[in-house]
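Participant: Below is the structure I would like to discuss, written out as structure tokens.
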Amino acid sequence: QVRLVESGGGLVQAGGSLRLSCAASGIIFSIHTMGWYRRAPGKQRELVATFTTGDSTNYVDSVKGRFTISRDNAKNTVYLQMNSLKAEDTAVYYCNARRSLIAYWGQGTQVTVSS
């Protein structure tokens, strides 16, 4: 059974930081492409950050220079360090693991940034 469990969300003031974690089980973590998505109120889900080929990463323009994705294969965990948070970063953040056409999702963790 595949499980992706996010944690680390919460309420933070603008300019603050949070680190999200996603612990994976039931998959061979090291061979899956891991990423973070978010869905803001009234908006569609968007890709925030992802690993691409090897250890290369890709970020949505709005978070470049502020967010950093990282992974620890020994712990089957992917992280999203979020700095200089803005009100527009408020959303439910989802962890994603994919390989070929198969994708798995976590339940999401709420991030609320107060201005």
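Participant: Out of curiosity, is Val48 at pLDDT 95 or above, hydrophobic (A, V, I, L, M, F, W, C) and surrounded by 15 or more Cβ atoms within 10 Å (Cβ to Cβ)?
Facilitator: The answer is yes for Val48.
Participant: Restrict the check to region 1-13 and report whether at least one residue is of a type in the set (D, E, K, R), assigned to a loop (DSSP other than H, G, I, E, B) and either surrounded by fewer than 16 Cβ atoms within 10 Å (Cβ to Cβ) or in contact with a Ser or Thr (Cβ under 7 Å, 6 or more places away or on another chain) (or both).
Facilitator: No - not one qualifying residue is present in region 1-13.
Participant: Restricting to region 15-32, count the residues that are touching a residue at least 40 places away in the same chain (Cβ under 8 Å) and either more than 17 Å from Tyr93 (Cβ to Cβ) or of a type in the set (D, E, K, R) (or both).
Facilitator: Qualifying residue count for the region: 8.
Participant: Applying the selection to region 80-96, what residues are surrounded by fewer than 18 Cβ atoms within 10 Å (Cβ to Cβ) and under 14 Å from the mean Cα position of the chain (by Cα)? Write out each step before concluding.
Facilitator: As a first pass, look at region 80-96 and keep what is surrounded by fewer than 18 Cβ atoms within 10 Å (Cβ to Cβ): 81, 83-84, 86-88.
Hits for region 80-96 are Gln81, Asn83.
Participant: Sticking with this one: In region 16-45, how many are open to solvent by 20 Å² or more (accessible area, probe 1.4 Å), closer than 12 Å to Ile69 by Cβ and not basic (Lys, Arg)?
Facilitator: 3
Participant: While we're looking at this one, here's another question. On the given criteria, is Ser17 in contact with a Cys (Cβ under 9 Å, 6 or more places away or on another chain) and under 20 Å from Gly108 (Cβ atoms)?
Facilitator: Here the answer is no, as Ser17 does not meet what is asked.
Participant: Also, I was wondering about something else. Has region 76-94 got at least one residue that is part of a loop (DSSP other than H, G, I, E, B) and closer than 25 Å to Val2 by Cα?
Facilitator: yes
Participant: Here are some residues: Arg66, Arg99, Arg71. Which one is open to solvent by 20 Å² or more (accessible area, probe 1.4 Å), in contact with a helix residue (DSSP H, G or I) (Cβ under 9 Å, 6 or more places away or on another chain) and over 20 Å from Gly8 (Cα atoms)?
Facilitator: Arg99
Participant: Can you name every residue in region 102-114 that is at negative phi and surrounded by 12 or more Cβ atoms within 10 Å (Cβ to Cβ)?
Facilitator: Ala103, Tyr104, Trp105, Gly106, Thr109, Gln110, Val111, Thr112, Val113 - these are the residues of region 102-114 that are at negative phi and surrounded by 12 or more Cβ atoms within 10 Å (Cβ to Cβ).
The values are calculated or read from the model by the stated rules, or taken from the named source; none is laboratory data. Keep in mind that this is a model prediction, so the values were computed, not measured. Cβ atoms come from the backbone with ideal geometry, glycine included; neighbour counts cover every protein chain shown. Heads up: the accessible areas ignore ligands, DNA and RNA and are worked out on the full protein's heavy atoms, side chains in. Shrake-Rupley method; radii C 1.70, N 1.55, O 1.52, S 1.80 Å.
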